[in-house]
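All remarks here apply to the structure that follows.
The values are calculated or read from the model by the stated rules, or taken from the named source; none is laboratory data. What you see is a predicted model, and the numbers here were worked out from it, not measured in a lab. In this analysis, Cβ positions are derived from the backbone assuming ideal geometry, glycine residues included, and neighbour counts consider all displayed protein chains.
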Amino acid sequence: MRVLVTGAAGFIGSHVVERLLKTGNGNTPGMEGLPSCEIVAIDDFSAGQVRKIGDLAVERLDVTEAAAVAAVFRDFGPEAVIHLAAQVSVERSLERPDRDVEVNVYGTLNVLRAAVAAGARRVVFASSAAVYGNPQRLPVDEEHPLEPLSVYGRSKLTAEWLIQQYARGTGLEAVILRLGNVYGPGQRPETGPVVARFFVDALRGEGPLIHGDGRQTRDFVYVTDVARAFALALVGPAGVVANISGGTATAIADLAERIHQLVEGAPAPRYGPPRPGDIRHSVLDNRRARELMGWAPRVSLDEGLKATYRWYRQQAVERVAG
């Protein structure tokens, strides 16, 4: 299968490409029946850092440049597209909301136009739990009202709408995956993810900073589980909108304590004032992904945090050595 991956140099994208490179060999549990993939990986490197994944080089391309997007689609002729390229920082969306619209909305429109023109069969889109806004019920299922609180969440919801319109008008198969709090090796703290920030703080000799009382909850899912979901979405049923999440609520104070226990000698967590607009509780219902895609999270939070810590610790060692 010829697959074009946008945002391939980013945290999730690099793991997705790595997973796709392993499909078709029959040796990956849970990936049986997936075809081998010929991949073109693109990224504008505004946030992504990975230049090469295995033997595959990531090509520089900005999804907001319509002509360049059309050209790479025309030359490669993908059968499927995994669209991960996005402006993902909620904080940056407050400073530059126009960038969210430019990348997340118009960039998606460029990808859709190019995909249809090139004869692509399917688009798999990385959406976000941010499209739901403040939960009216828990766990949040896919039928929950869509009332995003941020420009980022609104831009993702608009991109979803565009994809669904194209699917209705052209026959393009669409799969939309709404991701929970993804964490794991390779994640950069600058984009705001709490696991990355806590590990970086702890390794710097600072207690992880908790905003508020720490009783607020989030739903964490390990990045390799997320990558597997995107691979499965290439061959599963079309028209699916599904939550990809751990399905378990974890208090931020509990997360901080687990990281404190992992990082030897790290100070105890610190507490600061709550952040305006923070959602109090969040946990996603992932039953639809289980039932329709055959996907389920496999990596427990403790196991995932240990693997993530090993990566951040190695990065710290390399920085000192460098």
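Within the stretch 195-234, the residues that satisfy the criterion of being in contact with a Leu (Cβ under 7 Å, 6 or more places away or on another chain) and among the small types (Gly, Ala, Ser) are ALA229, ALA231, ALA233.
Within the stretch 34-46, identify whether any single residue is among the aromatic types (Phe, Trp, Tyr), touching a helix residue (DSSP H, G or I) at 6+ places or on another chain (Cβ under 8 Å) and either farther than 22 Å from ALA130 by Cα or assigned to a loop (DSSP other than H, G, I, E, B) (or both), and answer yes or no. Checking the stretch 34-46: not a single residue is among the aromatic types (Phe, Trp, Tyr), touching a helix residue (DSSP H, G or I) at 6+ places or on another chain (Cβ under 8 Å) and either farther than 22 Å from ALA130 by Cα or assigned to a loop (DSSP other than H, G, I, E, B) (or both).
The residue of the stretch 229-265 that is nearest to SER127 (Cα to Cα), among those that are assigned to a loop (DSSP other than H, G, I, E, B) and in contact with an Asp or Glu (Cβ under 8 Å, 6 or more places away or on another chain), is SER245. As a summary of the residue check, ALA233 satisfies the conditions (1) among the hydrophobic types (A, V, I, L, M, F, W, C); (2) at pLDDT 95 or above; (3) under 20 Å from THR308 (Cβ atoms) except for the one numbered (3). Picking from residues in the stretch 1-24 that are touching a Gly at 6+ places or on another chain (Cβ under 8 Å) and among the charged types (D, E, K, R), the one that is surrounded by the fewest Cβ atoms within 10 Å (Cβ to Cβ) is ARG2. In this entry, GLU79 is excluded by the filter for residues that are touching a Ser or Thr at 6+ places or on another chain (Cβ under 9 Å), farther than 28 Å from ASP285 by Cα and surrounded by fewer than 23 Cβ atoms within 10 Å (Cβ to Cβ).
Check the stretch 99-117 and report whether any residue there is in a loop (DSSP other than H, G, I, E, B) and over 20 Å from the mean Cα position of the chain (by Cα). Quick ask: steps written out before the conclusion?
Our first condition is that a residue be in a loop (DSSP other than H, G, I, E, B); within the stretch 99-117, this holds for none.
No, every residue in the stretch 99-117 fails to be in a loop (DSSP other than H, G, I, E, B) and over 20 Å from the mean Cα position of the chain (by Cα).
I'd like the full set of residues that are of a type in the set (D, E, K, R) and assigned to a loop (DSSP other than H, G, I, E, B), limited to the stretch 125-164. Within the stretch 125-164, ARG137, ASP141, GLU142, GLU143, GLU147 qualify. Candidates ALA120, ALA126, ALA130: the one that is closer than 22 Å to VAL223 by Cα and at pLDDT 95 or above is ALA126. Summed over the stretch 266-284, the residues that are surrounded by fewer than 17 Cβ atoms within 10 Å (Cβ to Cβ) and either touching a residue at least 60 places away in the same chain (Cβ under 8 Å) or touching a helix residue (DSSP H, G or I) at 6+ places or on another chain (Cβ under 8 Å) (or both) give a count of 13.
Taking every residue in the stretch 68-92 that is among the hydroxyl-bearing types (Ser, Thr, Tyr) and pairing it with any residue that is not in a helix (DSSP H, G or I), at least 6 positions away or on another chain, the pairs with Cβ-Cβ distances below 7 Å are SER89/GLY192.
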